[in-house]
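Before any comments, here is the structure.
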There are 2 protein chains.
Amino acid sequence: MYAVIMAGGRGTRFWPLSREAKPKQLISFTGQKTLLQETVDRIEPLVPLRKILIITGAAHAEEVIGQFPDLPKENVIIEPMGRNTAPCIGLAACHLKKKDPDAIMIVLPADHTITDHASFTDTLKTASETAQQGNYLVTIGIRPSAPETGYGYIEAGLPLAPGNRGTILKVASFREKPDFETARSFLERGTFYWNSGMFIWKVSSILEALERELPELYHELQAIEPSLGTLGEEKAVKKAYERICPVSIDYGVMEKAGNVILIPGDFGWNDLGSWDALMDFSPKDANGNVFRGTIINIDSTGSLIFAKEKPVAAVGVSNLIVVETEDAILVMRKGRSQDVKKAVDVLEKNNLKELL
Amino acid sequence: MYAVIMAGGRGTRFWPLSREAKPKQLISFTGQKTLLQETVDRIEPLVPLRKILIITGAAHAEEVIGQFPDLPKENVIIEPMGRNTAPCIGLAACHLKKKDPDAIMIVLPADHTITDHASFTDTLKTASETAQQGNYLVTIGIRPSAPETGYGYIEAGLPLAPGNRGTILKVASFREKPDFETARSFLERGTFYWNSGMFIWKVSSILEALERELPELYHELQAIEPSLGTLGEEKAVKKAYERICPVSIDYGVMEKAGNVILIPGDFGWNDLGSWDALMDFSPKDANGNVFRGTIINIDSTGSLIFAKEKPVAAVGVSNLIVVETEDAILVMRKGRSQDVKKAVDVLEKNNLKELL
């Protein structure tokens, strides 16, 4: 059993904490471990470090290697450019095929948080046992707790086998991010799950699915295969990636495949999609605040304040998000997370690229 | 004619921009000249630099001298400790008596702003001509434009001479900071003026008033007099100041004296008593913002943001005051200026004295 952690994100949604050189998965929101380090920690009870691969972009490989002094360097797979998740997963599958063609492959995003680690481990155990038993593409569906419009949904069908008490389900359909009314109806119907982006399958199952659903990508991956582990690898991967069309594993494979299985998960999952999501997810003090660093609070409520270098005195503010980093400060009304991108765009236009 | 600029304030109301080592009058709110430098500039058309004295505390003398390379060093008078305005003015009067016992003395606070310099000069001319004509204690009363509760008021009486069209008035009474209803009635009645803290008198007139109203202070000042300009000056001043009771010139002299004259002034005066006052007074952009430094604004309104070292992205905020300095950040709801002091108190209690 191998784990593949996808650490290729480049999001600016956590600016100024996340940057081009340090995207979300490579930063820490707690002041301790980074999201990527937490992801590795979570899977280690199930998969030893030497069987964990991290796949990331060239710009972040050095930082990733630095965050895992004990990880074999060859376990960091470098994509020369981002081509979305299907090529990323395909490339990782080729690496694993060479190591062990019969391996079970657990694919995990690097930038989510999970509170109940034991339940997470149990769910993945069920998922890998299921994947072992057949040619299945297994995904974890998160039992929704609110009508979230920021997530994709998966509609579950009948149980895979009668009598498994709804823990292993066939998949009826994939649904893109819904509007609020649709999300509410999903929640009421009880058969819809959040798409977590976690997958479990045999290496042979995913490669077969890629061959069937994305033959052009499969063809490019086959061209890479003989070079893996040789001096020609980097060049071969680059050549293939220049031709590969970006496509997500959801759109390219999961939505079309007939052998998709859903394992419901309920372990305090959050994809931390924005400052607002981080704030909703974080433990708060009696006044609803989330503070990090030296904060002098006079009557402030419902605010997230991260101070890195300079103490922040917060006097009578409410529902604010304030983030100070080494070289920039964000002051934002709660609920405006989606507009961080606008500020980043302005920086880009004004030649303040060193702040990106 | 001499000018005495009182630059002894130690206010923390503009923390984190004002500090113990750099109180309000020694900082710049425009990014250019400090309030003290602006005060000197304003009076120079009337009084040459060599006849301008600046009186300040020992902790700030070096900074004051540094801000005026062309000012004779002996024009900076140092108080060993703060004893409010009556001793400060008395000490300056003793210095002037030595230079010229017949001098006219213009006393100005160092930390106010004025927009109409020509009108200010005209008003001071009228004031000094009036002071020249008799044993008067002349003060400038600001024609109020709003029912301000943060200022003291002076009630004017009859004109000093019939036919001077209300430009030189006797004083009926001094009033402490009123509540809102009282301030409104003051405004309606039209005979009340804001107490500006600016005074114009003969050196002999103020010394006579001090002798009459504050005989103990006068006695201490007399003990200092022979030492002025000698090696024993510092020691004599220190010895006297250790015994002198703190008292304001308003309470100690002006409210009791019968020879007080008010010259109405209307020259865009503001005492900049707080961040809120600064914001009200400052020119604003189309969205009601006051920005200094690199600010990336996405839909923010009615906010004052001063960035010194780090660019500030303001996303969807309104009615905020944000001040970044070299070592601290204030984030405050507009209208909460009075609570800056609470934040400073917390810093003091938590051994963050380097931030004071």
(message) Can you confirm whether A:V317 is within 23 Å of the chain's Cα centre (by Cα), buried (at least 16 other Cβ atoms within 10 Å of the Cβ) and within 11 Å of another protein chain (Cβ to nearest Cβ)?
(response) no
(message) Step by step: first the residues of the range B:227-271, then only those that are part of a helix (DSSP H, G or I) and acidic (D, E), then the one that is surrounded by the most Cβ atoms within 10 Å (Cβ to Cβ). Which residue is that?
(response) B:D250
(message) Suppose we keep only residues that are surrounded by 17 or more Cβ atoms within 10 Å (Cβ to Cβ) and small (G, A, S) within the range A:333-356. Which one would you say is farthest from the other protein chains (Cβ to nearest Cβ)?
(response) A:S337
(message) I'm trying to understand the selection: among the residues of the range B:12-29, which are assigned to a loop (DSSP other than H, G, I, E, B) and either over 20 Å from B:W275 (Cβ atoms) or touching a residue at least 24 places away in the same chain (Cβ under 8 Å) (or both)?
(response) B:T12, B:R13, B:F14, B:W15, B:P16, B:L17, B:R19, B:E20, B:A21, B:K22, B:P23, B:F29
(request) Report the residue count in the range A:285-304 for those that are in a strand (DSSP E or B), β-branched (V, I, T) and closer than 22 Å to B:K353 by Cα. (result) 3
(request) Taking the options B:A146, B:A93, B:A131, B:A127, name whichever one is exposed (fewer than 14 other Cβ atoms within 10 Å of the Cβ) and more than 26 Å from B:A21 (Cβ to Cβ). (result) B:A146
(request) Could you please let me know if A:K310 is surrounded by fewer than 24 Cβ atoms within 10 Å (Cβ to Cβ), facing another protein chain (nearest Cβ under 8 Å) and either of a type in the set (K, R) or out of contact with any His (no Cβ under 8 Å at 6 or more places or on another chain) (or both)? (result) yes
(request) Taking only the range B:305-336 into account, find how many residues are more than 17 Å from B:A286 (Cα to Cα), assigned to a loop (DSSP other than H, G, I, E, B) and not charged (D, E, K, R). (result) 5
(request) Tell me, yes or no, whether the range A:161-169 has at least one residue that is in contact with a helix residue (DSSP H, G or I) (Cβ under 6 Å, 6 or more places away or on another chain) and either without any contact (Cβ under 8 Å) to a residue 60 or more places away in the chain or acidic (D, E) (or both). (result) no
(request) Scan (1) out of contact with any Gly (no Cβ under 9 Å at 6 or more places or on another chain); (2) without any contact (Cβ under 8 Å) to a residue 24 or more places away in the chain for the single condition A:L187 breaks and write down its number. (result) (2)
(message) Anything in the range B:256-278 that is within 14 Å of another protein chain (Cβ to nearest Cβ) and touching a strand residue (DSSP E or B) at 6+ places or on another chain (Cβ under 7 Å)? List them, or say none.
(response) B:W275
(request) Give, as residue ranges, the helices (runs of 4 or more DSSP H) completely inside the range B:38-140 that count at least 1 residues that are in contact with a helix residue (DSSP H, G or I) (Cβ under 8 Å, 6 or more places away or on another chain) and under 21 Å from B:Y153 (Cα atoms). (result) B:85-99, B:117-132
(request) List every residue pair whose Cβ atoms sit under 7 Å apart, with the two residues 6 or more apart in sequence or on different chains, where the first one lies in the range B:294-312 and is closer than 15 Å to A:V317 by Cβ and at pLDDT 95 or above and the second, anywhere, is among the aliphatic types (A, V, I, L, M) and part of a loop (DSSP other than H, G, I, E, B). (result) B:S300/B:V317; B:S303/B:V317
(message) Looking at A:D111 and the list (1) among the charged types (D, E, K, R); (2) surrounded by fewer than 21 Cβ atoms within 10 Å (Cβ to Cβ); (3) within 14 Å of the chain's Cα centre (by Cα), which single condition is not satisfied?
(response) (2)
(request) Give the range A:321-332 a look and list any residue that's facing chain B (nearest Cβ under 7 Å) and either crowded, with 20+ Cβ neighbours inside 10 Å or in contact with a His (Cβ under 6 Å, 6 or more places away or on another chain) (or both), or say none. (result) A:V322, A:E324, A:A328, A:I329, A:L330, A:V331, A:M332
(message) Being farther than 27 Å from B:S205 by Cα and at pLDDT 90 or above is true for just one of B:P87, B:P23, B:P45. Which residue is that?
(response) B:P23
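The values are calculated or read from the model by the stated rules, or taken from the named source; none is laboratory data. Everything numeric here is computed off the predicted structure, so don't read it as measured data. Note that we place each Cβ from the backbone using ideal geometry, even for glycine, and neighbour counts take in every protein chain shown.
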